[in-house]
4 protein chains.
Amino acid sequence: MNNRHILLMDGPDHKGLIYHVTRVLFEHNLNIIRNDEYVSPSGYFFMRTEFEGEADPDQLLVVLQNELPQVINLRVNPKKKKDVVLMVTKEHHCLGELLIRYAFDELDANIQAVISNYNVLQPFVSKFGIPFHYISHEHKTRQEHEEAILRTLDIYQPEYVVLAKYMRVLTSDFVKHYSSRIVNIHHSFLPAFVGANPYRQAYERGVKIIGATAHFVNDDLDEGPIIAQDVKEVDHRQTATDMATLGRDTEKLVLSKALKLVFNDRVFIHNNRTIIL
Amino acid sequence: MNNRHILLMDGPDHKGLIYHVTRVLFEHNLNIIRNDEYVSPSGYFFMRTEFEGEADPDQLLVVLQNELPQVINLRVNPKKKKDVVLMVTKEHHCLGELLIRYAFDELDANIQAVISNYNVLQPFVSKFGIPFHYISHEHKTRQEHEEAILRTLDIYQPEYVVLAKYMRVLTSDFVKHYSSRIVNIHHSFLPAFVGANPYRQAYERGVKIIGATAHFVNDDLDEGPIIAQDVKEVDHRQTATDMATLGRDTEKLVLSKALKLVFNDRVFIHNNRTIIL
Amino acid sequence: MNNRHILLMDGPDHKGLIYHVTRVLFEHNLNIIRNDEYVSPSGYFFMRTEFEGEADPDQLLVVLQNELPQVINLRVNPKKKKDVVLMVTKEHHCLGELLIRYAFDELDANIQAVISNYNVLQPFVSKFGIPFHYISHEHKTRQEHEEAILRTLDIYQPEYVVLAKYMRVLTSDFVKHYSSRIVNIHHSFLPAFVGANPYRQAYERGVKIIGATAHFVNDDLDEGPIIAQDVKEVDHRQTATDMATLGRDTEKLVLSKALKLVFNDRVFIHNNRTIIL
Amino acid sequence: MNNRHILLMDGPDHKGLIYHVTRVLFEHNLNIIRNDEYVSPSGYFFMRTEFEGEADPDQLLVVLQNELPQVINLRVNPKKKKDVVLMVTKEHHCLGELLIRYAFDELDANIQAVISNYNVLQPFVSKFGIPFHYISHEHKTRQEHEEAILRTLDIYQPEYVVLAKYMRVLTSDFVKHYSSRIVNIHHSFLPAFVGANPYRQAYERGVKIIGATAHFVNDDLDEGPIIAQDVKEVDHRQTATDMATLGRDTEKLVLSKALKLVFNDRVFIHNNRTIIL
């Protein structure tokens, strides 16, 4: 698929947007494999076009920019695996899911390294031949700890940072370095149980369904745009601990699903919501 | 099934509770059809026993009370349809679902009447030959309005009051008259979006799943014990209005499911949670 | 929405199909509200375009046919409610669901009449002021019975015939009159349990999930293109009768969902499969 | 939990069965933690009782056998991890899921070894320090191959054999050695698409839901008692290959769920169906 490309486009809707793009691709002898678009009720336009053929992305971009309104955002990327760094704490379930998918080439990403504030998962990660950076938060201020992480990330220059059960809050300063490029899995069906110990909260409230949420991270940790969610039925027999155990399967699959969407350039962010094409 | 009975029992756990109950039923030549029990992590015991045979519930109760610790709550009911009054405002979907089930004898209940603060659903209810009481809240204080409703309920003496999309908050005073006997359907996956216009909230938050919750009503309207919940997947294409439309199917089925459990004496309430046996 | 139109188009894929259509709409000053397309792995192209503006569908069709390859099928329809006749036997659940949606104007269709081979549902249908035709199959050959039904359908000239639990097999001769225009709800998760008494089969096989399937009817009754399916979890406690009861909720919602798609011109049929845009 | 035990009991229903068992446990000063029972419509009784305390299982069994009808099957087991051998071919997803759960002590089982007819998964298994036996089927008759596997199994004497995507049919002779002790994951929502290439069949039939089935193996490979099933929604955009990819997540979770039930002694087999308590 080395001559597959993805065109991403969003901005205020104008008559003829699809027409102008498809015309340019037609004139360049490029074949549309899949085209998806969406116009929001407020009149904002989104389009993802997967096409095939001999193309110079930069030159194509210039042609398109000349044909389209200035307010339209345009990107043309070759279709390829994303470089990512994972961050974890002590839990293995999301990490294990991602490493196995990676080991068998099913992740649409290249895992460059794993960073953790504990070293408990080091032996497990080493089975997969991936660098593991143990960066303890002990005896460090929050700022010092985050700077140490940022220095490590700088080595890899990842396109995305995945918080695969990284259990420390990140500051706005940290998040700014990877704006709209950090994906988190939240152990709750947001916005139901924000904050610590959501399964305890779920148990005490006696809910009949628990869930998990994968989202981009912005300043307000649990409030970034939601990418994917899923749920599982529970009943009174499940304790908070049982719910946590059950929740892990949901968490790992929701995170995997969200990453598949993100790594395939299918996710737009607009007004703190995701548009998935 | 006129010699079917249901024994309900709950209290602090003691060794031998199941043994003593099954012994008494055995000695009275009664046959257990189904027996379910549950002990909470905090050591509270719940049991529902459905049995068959010639039984005098009152006499059986006395025998059991003599054999069991004083702290155990015991009820023995003949298995029968419950008397209920429905309360609605303007939306028809939950009402329609319940009336059709009732019309074809699938509800395990006898709908005695429908009460509404609007008269828009009167023609629809009249198709089913059920009394409709239009009790407007206009030109009345909240107290006057609720007293008018209570007077109407007094005529019917229902065992349960079902809020099938009754869109006004009820006061504690009202709720006290039917403690643990009012079932509400909430247009949200509680506790996610408490309050008005949950589908608008869900849309703006960009959630990927919406839901509905059936619960008992206590003083704090949206905080009573949850009986049943269900969800439906949505995506960015759904507007808040679309979500409301989609949500209605979930609401009506969740309410139906919850009522089936309640009307069959399968729901215990304990510490603001439900135990469903 | 009286100047909303829907363009449907399918045929072998060619470069520029989207471009040519969007150009014509652009030149006619028509605004695309929603556009969906799909190309099958075998290279067959499908597109549904919803657009708005002053348009003469017939004239537009001519212009488009001149621009596009001869092998492309094209239709341009004003967006409007479909005329339908329902056929039922004795079960009320699907019928009740459709009548209530129709009564409150949620069906995207005009129910012209109900035809049944029994008269048990006549009182129920009459509540909704819809003509009910009781056409018994007794003392008639299959051919005579179907001809009587066809004569009644001829009065209404429906665009779709909906088998809402019509429990008699239809002959090829009958089906030909409404080719790709008869929708059936099948009481099974096809292709699992074809034939009579699927819930008994499901019980005996000890399945943990039951389902329902809405599909177009072709010559081979249970083998037409599937439009929608859904499932419900069951366990060993459910008898075949319980499964049938549970299955009804699934059936009615699956049929409703399928009809919404069909009535909104979202379903293409190709090689006995549906493409839903 | 070293003084936890599980009592399993099944046979024709008699009045007083629960009473007699709970009496014996009461008299032996044993505390019931959880008790579940079920009586089938045909009058067959099943009970699983988890209890705690100082108990001699063998002596308890004798006492119970004296109190209960001869036709009742009784087992009393200490609650403990099961010994299992996995059999695989080339696919890693179910194996990976089980190995990770095992590595983090979440499987309720001790994986003694992995047997495969290919050696492709050897490097992966070796990461987890578990013996891998490569027993090729090439240049062997079916009988010779199965005998070689049986000799290897004899070394381990496992309580259960798990076919975690073992893609060869086993003969009746083989199955007899581990009657009701072989669990298979079937890549289909049985009984929908029995046989080879179910995702191709699902694609061609245009189904909207695919699934997976975990079941015990009996003589007729795909016809043993079903333990667990789950499904996932698909649409026309998924190719048969996409469906297979999607199906793998369902397969691994369904197999995990089934094994959790089996390893916790919660599954009875009766008339080719499972009763799960």
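Taken together, the values in this text are just the output of simple stated rules run on the coordinates, not laboratory data. This is a predicted model, so every value here is computed, not measured. FYI the Cβ positions are ideal-geometry reconstructions off the backbone, even for glycines, and counts take in every protein chain you see.
Once you've got the Cα coordinates, tell me which of B:260/C:232; C:140/C:165; A:90/A:208; B:257/C:257 are over 23 Å apart. Going by Cα-Cα distance, A:90/A:208 fall outside the 23 Å limit. When peptides B:133-139, A:8-14 are sorted by average Cβ neighbour count within 10 Å, with the highest value leading, the order is A:8-14, B:133-139. Here region B:4-78 is assigned +1 on the Cβ of each Lys and Arg and -1 on the Cβ of each Asp and Glu. Its dipole about the Cα centre then comes out at about 160 debye.
The label point for residue A:120 and the one for residue A:242, both projected 7 Å from the Cα toward the Cβ, are 2.3 nm apart.
Compute the acute angle (0 to 90°) between the alpha-carbon long axis of helix A:142-156 and the principal axis of greatest extent of the alpha-carbon atoms of chain A; round to the nearest 10°. Result, in degrees: 50. On the beta carbon distance between residue B:34 and residue D:204, with R0 = 45 Å, the FRET formula returns roughly 0.55.
The charge dipole of the protein assembly as shown, taken about the Cα centre with unit charges on the Cβ atoms of Lys, Arg (+1) and Asp, Glu (-1), comes to about 0 debye, rounded to the nearest 20. Sum up the charges of everything whose Cβ sits under 14 Å from the Cβ of residue A:29, counting Lys and Arg as +1 and Asp and Glu as -1, but leave residue A:29 out. Surrounding charge for residue A:29 is -2. For peptide B:205-218, the mean count of partner chain Cβ atoms within 10 Å of a residue's Cβ comes to 4.
Peptide B:71-83 shows a mean partner chain C-beta count of 0 within 10 Å per residue C-beta. Label point of residue B:73 (7 Å along Cα→beta-carbon): distances to the other copies' equivalent points are 4.0, 5.5, 6.3 nm, sorted ascending. Taking the C-alpha atoms only, the angle from helix D:93-103 to the longest principal axis of chain D is near 50 degrees. Projecting label points 7 angstrom from Cα along Cα→Cβ for residue A:63 and residue C:62 puts them 3.5 nm apart. Remind me, relative contact order of chain B in percent, using alpha carbon pairs under 8 angstrom and six or more residues apart? Across chain B, relative contact order equals 15 percent. The GluC sites (Glu not before Pro) of region C:21-62 that meet both conditions, a loop assignment by DSSP and at most 16 other Cβ atoms within 10 Å of the site Cβ, are C:54. Kirkwood analysis of region D:4-78, using all unique Cα-Cα pairs, places the hydrodynamic radius at 12.3 Å. Inter-chain Cβ neighbour count for D:16-27, averaged per residue, equals 6 (cutoff 10 Å, partner chain atoms only). Between copies, residue A:179 shows label-point distances of 5.7, 5.9, 7.1 nm, shortest first, with the point placed 7 angstrom from Cα along Cα to C-beta. State log₁₀ I(q)/I(0) for chain D at q = 0.08, 0.09, 0.10, 0.13 Å⁻¹ as given by the Debye formula over alpha-carbon point scatterers of equal weight, solvent excluded. Values, matching the q order: -0.39, -0.49, -0.60, -0.95.
Normalising the average separation of contacting C-alpha pairs (under 8 angstrom, six or more residues apart) by the number of residues puts the relative contact order of region B:99-175 at 24 percent.
Label 7 Å along Cα→Cβ of residue D:141; region D:157-171 residues with amide nitrogen under 15 Å? Residues passing the 15 Å test: D:171. Our note on the geometry: Cα centres of region B:71-114 and region C:138-188, 37 Å apart.
So how tilted is helix B:57-67 from the main axis of chain B? Cα-based, degrees 0 to 90, rounded to 10. Roughly 60 degrees between the two axes. Helices in chain C, meaning DSSP H runs of at least 4 residues, each add -39500 (n - 2.57). Divided by all residues, the mean residue ellipticity at 222 nm is -10000 deg cm²/dmol.
Chain D comes nearest to the axis taking it onto chain A at the Cβ of one residue; that residue and its distance, in whole Å, are D:127, 2. In nanometers and ordered shortest first, the copy-to-copy spacing of the residue A:157 label point, defined 7 Å from Cα toward Cβ, is 6.1, 7.0, 8.3.
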